[in-house]
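The values are calculated or read from the model by the stated rules, or taken from the named source; none is laboratory data. On a predicted model such as this, the values are computed, not experimentally measured, just so you know. Here Cβ is always computed from backbone atoms with ideal geometry, including for glycine, and neighbour counts include all displayed protein chains. Areas reflect the complete protein model, heavy atoms only, side chains present, ligands, DNA and RNA absent. Shrake-Rupley method; radii C 1.70, N 1.55, O 1.52, S 1.80 Å.
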Amino acid sequence: MSGYRLQSQQAVGEQRRLHSGPDGLKVLSSEAVYRDIPAP
């Protein structure tokens, strides 16, 4: 398969973008953080 490469990944955490205002903290967005899993 020329031009293709597969990589397995595992979610290991989450990054969150927060906003602090008079009403407290609000989550604006969140995104999973992945790490590569070594091939067997």
Please report, as a whole percent, how much of the solvent-accessible surface of the chain comes from carbon and sulfur atoms (probe radius 1.4 Å).
48
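If you count, for each residue, the other Cβ atoms within 10 Å and average over each peptide, how do 2-14, 27-39 line up from highest to lowest?
On the way: 2-14: 7.6, 27-39: 9.3.
Per-residue Cβ counts within 10 Å, averaged per peptide and sorted highest first, yield 27-39, 2-14.
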Note down the relative contact order for the chain as a percent, whole number, built from C-alpha pairs under 8 angstrom at least six residues apart.
46
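Using the heavy atoms of the protein chains and a 1.4 angstrom probe, tell me the accessible area per residue for the chain in square angstrom. Could you put the intermediate results ahead of the total?
Values: 4110 Å² over 40 residues.
Result: 103 Å² of accessible area for each residue.
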